[in-house]
Amino acid sequence: MLIIYSMIIVLTFSVFGYIVLNNYKDKGIKREETRLFQTANIIADTYKRNMDDIIYARRMVKTYAYQANARILVVDKEKQVLIDSYNTYIGKTLDNREIRNSFNGESTFGTYTIQDEEVLQLSVPITINSNGKTETIGAVLISSSLNLVNDDVKDLRNDILRVSIFALLGALILTAISATTITSSLKELRKGIEKISTGELGYRISKGKKGEVGKFINTFNEMSRKLYNIEKNRKYFINSISHELKTPLTSIKALIDSLNIGTNTLDTYKEYLNDIKGETERMEALVQYLTDSIKLEDISLSIEIENVSKIIEETVKLITPYAVKNGVEIKLDITKNIMVRCDKNKIKEVLFNIIENSVKYKDSDKINNYVYVRLSKFKDEAILTVEDNGIGIDKADLANIFNRGFRVLENKRIEGHGIGLSIVKNILDKHGWSFSLKSELGKGSIFVVEIPII
Ligand code: ADP
């Protein structure tokens, strides 16, 4: 990763440097070119006016050449050098591209490399008007070294190089730091996964990391916590089921032992066998519960259009004898004929479980125990509420109430396996119906289901 980042940085700075330096050099040459063209035009003009006084013209050219830090030559009509600020070309014929262009009436320039030195050369024509015609009588040629421009470019290149090296070093240090952070987090995560795979569920990685790595660690910790809870519930579930199976088994064993001792009448045999049958039936019901619970995840629905008002009334009718037996009054307030899409039998199971709980967990200290079942229409939904004034549920337990095998510790003397509400949740989730359970210890509970109507 470090190499890739370095390459990206080097490449970016190289491209950036190349573009900036080229632009900078072009601008420098343009500036030089403008300055020399101005000088050449002034010389051409002044020469025209002092053609007769060659001594003055030479002095003037030398002064300009000195000021412009350039070599200046003036050629005549025959391209013969009349004036040379260096004095070496006087009398020689010059026939380069710029001079030829001047005699065609154009002012042009070019850059050349002469003995490893870059030179800018330009020429302007010297013209006079005779008989209404423009005549070229000579040309001014200026050549100047581009050393100053190139020195500026070199300085800028060195500055860019220095900045690039600093940026590269900075980026490399930052990358190295973040790579180390990621590597150490990955090591922690690997350790966490190893711990979980060896059964240490609930293992947590210390937080404190930000960004994506932090989110990853949070998800890991959440997964670990959930696995721990599932395992805890599973152990608790197996424990309570084994305990419940042990009781009838112990009494069956005791009954058989009693029958084995001494002589018993046929009536005693019959009575004991009846008791054994009763215990066996208890075990059968328990095993059925277990089978149901294992099937819990595989629940498949057979959805039809149903009258949910009728389903509720039928279920309440079914459970009423149980409520009467327990001294709990069931009150009803049902809006008739609400049609919904559902699996009738599964919804009956849901209602049965909820109402049964409201009766089962009544508050014996209260005189009028009741369960209030209501169904009303609200916009495009039917709202079902099952409210009781039972013992209620502690806030701390409420979060776990829908977990399979969970039971509130204080309620152990009331029969149950902690499966009912997990079945309720599963069926309602499969229907896509929202639900909630609000409860307050000592006051009661209210179960609310939102049912989409058709
Ligand atoms: P079970 O009733 O067989 O224990 P459930 O899954 O139906 O299992 O309920 C889980 C736990 O939630 C119960 O053990 C009980 O403590 C609590 N609970 C459920 N409904 C009520 C209610 N209406 N009032 C008070 N406690 C309730």
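The values are calculated or read from the model by the stated rules, or taken from the named source; none is laboratory data. Computed from a predicted model, the values in this text were never measured in an experiment. Here the Cβ is made from the backbone with ideal geometry for all residues, glycine too, and neighbour counts use every protein chain on show. To get the accessible areas, we keep the full protein, side chains included, count just its heavy atoms, and leave off ligands, DNA and RNA. Shrake-Rupley method; radii C 1.70, N 1.55, O 1.52, S 1.80 Å.
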### Query
Which of the residues that make up segment 424-443 are in contact (Cβ under 8 Å) with a residue 60 or more places away in the chain, open to solvent by 10 Å² or more (accessible area, probe 1.4 Å) and within 15 Å of the ligand (Cβ to nearest atom)?
ASN426, GLY442
### Task
Would you check which residues across segment 261-286 are polar (S, T, N, Q) and at pLDDT below 85 and list them?
THR263, ASN264
### Query
Only one of LEU351, LEU332 is more than 12 Å from the ligand (Cβ to nearest atom) and assigned to a helix (DSSP H, G or I); which?
LEU351
### Summary
For ALA382, the lone unmet condition from (1) touching a residue at least 40 places away in the same chain (Cβ under 8 Å); (2) aliphatic (A, V, I, L, M); (3) assigned to a helix (DSSP H, G or I) is (3)
### Task
Count, please, the residues in segment 179-230 that happen to be under 30 Å from SER6 (Cβ atoms), part of a helix (DSSP H, G or I) and free of Cβ contacts under 8 Å to residues at least 12 places away in the same chain.
10
#### Entry: Exclusive hit being farther than 26 Å from THR134 by Cβ and of a type in the set (Phe, Trp, Tyr), set TYR47, TYR24, TYR64
TYR24
### Query
Only one of (1) open to solvent by 30 Å² or more (accessible area, probe 1.4 Å); (2) touching a residue at least 24 places away in the same chain (Cβ under 8 Å) fails for GLY416. Which number is that?
(1)
### Query
Is segment 405-419 home to any residue that is more than 7 Å from the ligand (Cβ to nearest atom), at pLDDT below 95 and touching a His at 6+ places or on another chain (Cβ under 9 Å)?
yes
### Task
Please indicate, with yes or no, whether at least one residue in segment 39-50 is free of Cβ contacts under 8 Å to residues at least 60 places away in the same chain, at negative phi and within 60 Å of the chain's Cα centre (by Cα).
no
### Query
Do any helices (runs of 4 or more DSSP H) entirely within segment 1-113 hold 1 or more residues that are open to solvent by 30 Å² or more (accessible area, probe 1.4 Å) and under 30 Å from ILE160 (Cβ atoms), and if so, which?
2-49
### Message
Looking only at segment 356-377, how many residues end up being open to solvent by 40 Å² or more (accessible area, probe 1.4 Å) and either more than 12 Å from the ligand (Cβ to nearest atom) or closer than 17 Å to LEU318 by Cα (or both)?
### Response
12
